[in-house]
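In what follows, a single structure is set out as C-alpha coordinates and then discussed.
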Amino acid sequence: MKEHKIVIRVRYAETDQMGVVYHGNYAQYFEIGRVEWLRNQGVSYKELEKSGVMLPVVSLSMNYKKPAFYDDELTVTTSLKYLGGAKIEFDYEITNAQGDLLTTAHTVLVFVDMKTKRPTQVPAYLEELINH
(Lines give C-alpha, C1' and ligand atoms only; values in the text may rest on other atoms or scores of the structure.)
Protein backbone atom coordinates (compact mmCIF):
# COMPACT_ATOMS: atom_id res chain seq x y z
CA MET A 1 0.00 0.00 0.00
CA LYS A 2 1.60 3.27 -1.15
CA GLU A 3 1.52 6.05 1.39
CA HIS A 4 2.46 9.70 1.55
CA LYS A 5 2.94 12.00 4.55
CA ILE A 6 2.52 15.74 4.69
CA VAL A 7 2.90 18.05 7.68
CA ILE A 8 0.44 20.89 8.19
CA ARG A 9 -0.05 23.38 11.00
CA VAL A 10 -3.47 24.14 12.46
CA ARG A 11 -4.49 27.72 11.71
CA TYR A 12 -6.53 29.81 14.13
CA ALA A 13 -9.45 30.04 11.68
CA GLU A 14 -9.74 26.21 11.72
CA THR A 15 -10.56 26.09 15.42
CA ASP A 16 -13.68 26.70 17.48
CA GLN A 17 -14.02 28.92 20.54
CA MET A 18 -12.23 26.29 22.65
CA GLY A 19 -9.17 26.27 20.36
CA VAL A 20 -10.05 22.77 19.07
CA VAL A 21 -10.06 22.00 15.35
CA TYR A 22 -13.65 22.19 14.12
CA HIS A 23 -14.71 18.74 12.89
CA GLY A 24 -15.62 19.95 9.39
CA ASN A 25 -12.05 21.08 8.72
CA TYR A 26 -10.72 17.53 8.76
CA ALA A 27 -12.17 16.96 5.27
CA GLN A 28 -9.84 19.69 4.03
CA TYR A 29 -6.86 18.02 5.71
CA PHE A 30 -7.76 14.77 3.96
CA GLU A 31 -8.02 16.61 0.64
CA ILE A 32 -4.55 18.08 1.13
CA GLY A 33 -3.23 14.58 1.85
CA ARG A 34 -4.99 13.07 -1.17
CA VAL A 35 -3.90 15.79 -3.61
CA GLU A 36 -0.30 15.50 -2.44
CA TRP A 37 -0.47 11.68 -2.54
CA LEU A 38 -1.55 11.88 -6.20
CA ARG A 39 1.06 14.55 -7.00
CA ASN A 40 3.71 12.30 -5.46
CA GLN A 41 2.59 9.58 -7.91
CA GLY A 42 2.94 12.00 -10.84
CA VAL A 43 -0.77 12.82 -11.10
CA SER A 44 -2.10 16.38 -10.99
CA TYR A 45 -5.77 17.11 -10.21
CA LYS A 46 -5.47 20.06 -12.57
CA GLU A 47 -4.24 17.87 -15.43
CA LEU A 48 -6.85 15.22 -14.65
CA GLU A 49 -9.58 17.83 -15.00
CA LYS A 50 -7.99 19.22 -18.19
CA SER A 51 -8.28 15.71 -19.63
CA GLY A 52 -12.03 15.77 -18.95
CA VAL A 53 -12.17 13.70 -15.77
CA MET A 54 -13.23 14.89 -12.32
CA LEU A 55 -12.91 13.00 -9.08
CA PRO A 56 -15.70 13.79 -6.59
CA VAL A 57 -15.80 12.34 -3.10
CA VAL A 58 -18.84 10.05 -2.76
CA SER A 59 -18.12 8.73 0.73
CA LEU A 60 -16.21 10.04 3.75
CA SER A 61 -16.04 8.37 7.15
CA MET A 62 -14.02 9.67 10.09
CA ASN A 63 -13.20 8.50 13.59
CA TYR A 64 -12.02 11.06 16.10
CA LYS A 65 -9.64 9.72 18.74
CA LYS A 66 -8.19 12.90 20.28
CA PRO A 67 -8.58 16.60 19.50
CA ALA A 68 -6.16 18.75 17.53
CA PHE A 69 -5.58 22.31 18.74
CA TYR A 70 -4.59 25.68 17.35
CA ASP A 71 -0.94 25.77 16.18
CA ASP A 72 -0.50 21.98 16.45
CA GLU A 73 1.77 20.43 13.83
CA LEU A 74 -0.14 17.56 12.26
CA THR A 75 1.06 14.77 10.01
CA VAL A 76 -1.51 13.54 7.51
CA THR A 77 -0.66 10.05 6.26
CA THR A 78 -2.58 9.09 3.13
CA SER A 79 -2.61 5.50 1.84
CA LEU A 80 -4.12 4.02 -1.29
CA LYS A 81 -6.68 1.41 -0.27
CA TYR A 82 -8.18 0.47 -3.66
CA LEU A 83 -8.00 1.48 -7.33
CA GLY A 84 -10.19 -0.12 -9.95
CA GLY A 85 -13.28 0.22 -12.10
CA ALA A 86 -14.50 3.76 -11.65
CA LYS A 87 -13.28 4.37 -8.11
CA ILE A 88 -10.30 5.06 -5.92
CA GLU A 89 -10.26 4.69 -2.13
CA PHE A 90 -7.91 6.18 0.45
CA ASP A 91 -7.25 5.66 4.16
CA TYR A 92 -5.91 8.48 6.34
CA GLU A 93 -4.33 8.92 9.73
CA ILE A 94 -3.65 12.23 11.42
CA THR A 95 -1.09 12.35 14.21
CA ASN A 96 0.29 15.24 16.24
CA ALA A 97 3.96 16.10 16.80
CA GLN A 98 4.03 13.77 19.82
CA GLY A 99 2.92 10.86 17.62
CA ASP A 100 -0.57 10.60 19.13
CA LEU A 101 -3.18 9.23 16.72
CA LEU A 102 -5.88 11.90 16.49
CA THR A 103 -8.11 10.89 13.61
CA THR A 104 -8.58 8.11 11.07
CA ALA A 105 -10.67 8.31 7.92
CA HIS A 106 -11.61 6.62 4.68
CA THR A 107 -12.78 8.21 1.42
CA VAL A 108 -14.22 6.82 -1.79
CA LEU A 109 -13.93 8.91 -4.94
CA VAL A 110 -15.42 8.17 -8.35
CA PHE A 111 -13.91 9.03 -11.73
CA VAL A 112 -16.54 11.04 -13.63
CA ASP A 113 -16.54 12.11 -17.29
CA MET A 114 -16.97 15.89 -17.19
CA LYS A 115 -19.03 15.95 -20.41
CA THR A 116 -21.51 13.20 -19.60
CA LYS A 117 -21.41 13.61 -15.79
CA ARG A 118 -21.37 9.81 -15.60
CA PRO A 119 -18.86 7.48 -13.89
CA THR A 120 -16.01 6.35 -16.09
CA GLN A 121 -13.13 3.89 -15.82
CA VAL A 122 -9.88 4.89 -14.16
CA PRO A 123 -7.89 6.63 -16.93
CA ALA A 124 -5.30 4.17 -18.27
CA TYR A 125 -2.36 6.58 -17.84
CA LEU A 126 -3.32 7.16 -14.20
CA GLU A 127 -3.65 3.47 -13.46
CA GLU A 128 -0.23 2.91 -15.04
CA LEU A 129 1.40 5.65 -12.96
CA ILE A 130 -0.13 4.47 -9.69
CA ASN A 131 0.41 0.74 -10.18
CA HIS A 132 4.08 1.02 -11.12
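Projecting the Cα atoms of Pro67, Thr77, Asn40 onto the charge dipole of the chain, computed from C-beta unit charges around the Cα centre, puts Asn40 farthest toward the positive end. Computed from label points 7 Å out along Cα-Cβ, the spacing between Tyr45 and Lys117 is 2.1 nm. For the range 68-80, 3J(HN,Hα) computed residue by residue from phi via the Karplus equation (6.51, -1.76, 1.60; θ = phi - 60°) reads 10, 10, 3, 6, 5, 8, 10, 10, 9, 9, 10, 10, 6 Hz, glycine and proline entered as x.
The GNM of the chain, with springs linking C-alpha atoms under 10 angstrom apart, assigns the highest mean-square fluctuation among Lys65, Lys50, Lys115 to Lys115.
When all alpha carbon pairs of the chain are counted in 10 Å bins from zero, the resulting P(r) reads 12, 42, 29, 15, 2 %. Legend: calculated FRET efficiency, Ala124 to Ile32, from the Cβ-Cβ distance at R0 = 35 Å, rounded to 0.05, equals 0.85.
Between Tyr70 and Thr104, the simple spin-label model (points 7 angstrom out along Cα→Cβ) gives 3.1 nm. Using C-alpha pairs below 8 Å separated by at least 6 residues, the relative contact order for the chain is 28 percent.
Magnitude of the charge dipole for the chain, about its Cα centre and with charges confined to Cβ atoms of Lys, Arg (+1) and Asp, Glu (-1), is about 380 debye.
The residues packed around Val35, meaning those with a beta-carbon under 13 Å from its beta-carbon, carry a net charge of -1 if Lys and Arg are +1 and Asp and Glu are -1. Excluding ligands, DNA and RNA, the accessible surface per residue across the range 1-129 is 57 Å² with a 1.4 Å probe.
The values are calculated or read from the model by the stated rules, or taken from the named source; none is laboratory data. Model, not experiment: these values are computed from the prediction. For neighbour counting, all protein chains shown are included, and Cβ atoms are generated from backbone atoms with ideal geometry for every residue, glycine included. Areas reflect the complete protein model, heavy atoms only, side chains present, ligands, DNA and RNA absent. Shrake-Rupley method; radii C 1.70, N 1.55, O 1.52, S 1.80 Å.
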